[in-house]
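Q: Encoded as structure tokens, here's the structure I'll be asking about.
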Amino acid sequence: MTTQETHLQDKKNNRNWLVLIAGFVLLAVIAVLFIGGFDPGGESQQSDASAVLENPPAPVSLPLSGPPLQIGDQPYDFTLADVEGNPVSLNAFIGRPLIINYWATWCGPCRIEMPHLQNTFETRQADGLALLALNQDETVPEIEAFYDEFGLTFPALLDEGNRTSENYGVGRILPTTFFINAQGEITAVHRGPMTQSQIDGYLADTIPGS
């Protein structure tokens, strides 16, 4: 091998070593970033979260009372205790589709309707549906026994003295049900027991595209 050929071979070997070393360095950098939990979008996500905390959504102000409720109205706000004594406010559910059902354990039509409401509650969770069952002035043991009998899982609220039902104009007609869309507007009012097809029809107007 000539001196020139030897020189070229040495240059080629040196270049190969440089490429190999650079490869090892690159792998080491990638490993460090991976172990350190590098997130290229982390700064942006943190900024977005900070913006939400600094600019929380404005609370919805519902009316407390007024004339009989009609389709297109906002529902009247209320805060009632659940069977465990926790306060539950209607305002907290505005922003998602909602069913408000007035009922009692002694109400025969309510017993017919409840399985349909439970089925609806179970099958429409993907649509964000909430359901509040406002019991008319009965005791917690009576409500719990009824819930156990029918396997109900949506919240039961205690409308003591029927104050909320009077405000909503329910009177003595049980069950009575109000459907409310995510914009906080009443889309349907049904007095008496509902069939599954009726519930589905009202929800078609309450949850567009569902």
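The values are calculated or read from the model by the stated rules, or taken from the named source; none is laboratory data. The structure presented is a predicted model; accordingly, all values stated were derived computationally and were not measured. Virtual Cβ from ideal backbone geometry, glycine too; neighbours counted across all protein chains shown.
Q: Only one of these conditions is not met by Arg163: (1) surrounded by 13 or more Cβ atoms within 10 Å (Cβ to Cβ); (2) at negative phi. Which number is it?
A: (1)
Q: Now a separate question. Just give me the residues in segment 106-125 being part of a helix (DSSP H, G or I) and under 12 Å from Ile199 (Cβ atoms), in sequence order.
A: Glu113, Met114, Pro115, His116, Leu117, Gln118, Asn119, Thr120, Phe121, Thr123, listed by residue number.
Q: Let me ask you something else. Consider Leu90 carefully, then state whether it is within 17 Å of Leu157 (Cβ to Cβ) and at pLDDT 95 or above. Let's see the steps before the verdict.
A: Numbers: within 17 Å of Leu157 (Cβ to Cβ): yes; at pLDDT 95 or above: yes.
Taking the combined requirement at face value, the residue satisfies it.
Q: Still on this structure: Just the residues that are under 20 Å from Gln183 (Cβ atoms), small (Gly, Ala, Ser) and either touching a residue at least 40 places away in the same chain (Cβ under 8 Å) or surrounded by 12 or more Cβ atoms within 10 Å (Cβ to Cβ) (or both), please, taken from segment 64-89.
A: If the condition is that a residue be under 20 Å from Gln183 (Cβ atoms), small (Gly, Ala, Ser) and either touching a residue at least 40 places away in the same chain (Cβ under 8 Å) or surrounded by 12 or more Cβ atoms within 10 Å (Cβ to Cβ) (or both), then Gly72, Ser89 are the ones that fit.
Q: Tell me yes or no: at least one residue of segment 141-150 is in a loop (DSSP other than H, G, I, E, B), β-branched (Val, Ile, Thr) and crowded, with 18+ Cβ neighbours inside 10 Å.
A: Going through segment 141-150, the residues in a loop (DSSP other than H, G, I, E, B) turn out to be none.
Within segment 141-150, none of the residues are in a loop (DSSP other than H, G, I, E, B), β-branched (Val, Ile, Thr) and crowded, with 18+ Cβ neighbours inside 10 Å.
Q: Out of segment 90-126, which residues are touching a Gly at 6+ places or on another chain (Cβ under 7 Å) and in contact (Cβ under 8 Å) with a residue 60 or more places away in the chain?
A: To start, the set of residues in segment 90-126 that are touching a Gly at 6+ places or on another chain (Cβ under 7 Å) comprises 94, 96-97, 109, 118.
Ile94, Arg96, Pro97, Pro109, listed by residue number.
Q: Criterion first (within 14 Å of Leu69 (Cβ to Cβ) and at pLDDT below 95) does Gly171 satisfy it?
A: On the way: within 14 Å of Leu69 (Cβ to Cβ): yes; at pLDDT below 95: yes.
Taking the combined requirement at face value, the residue satisfies it.
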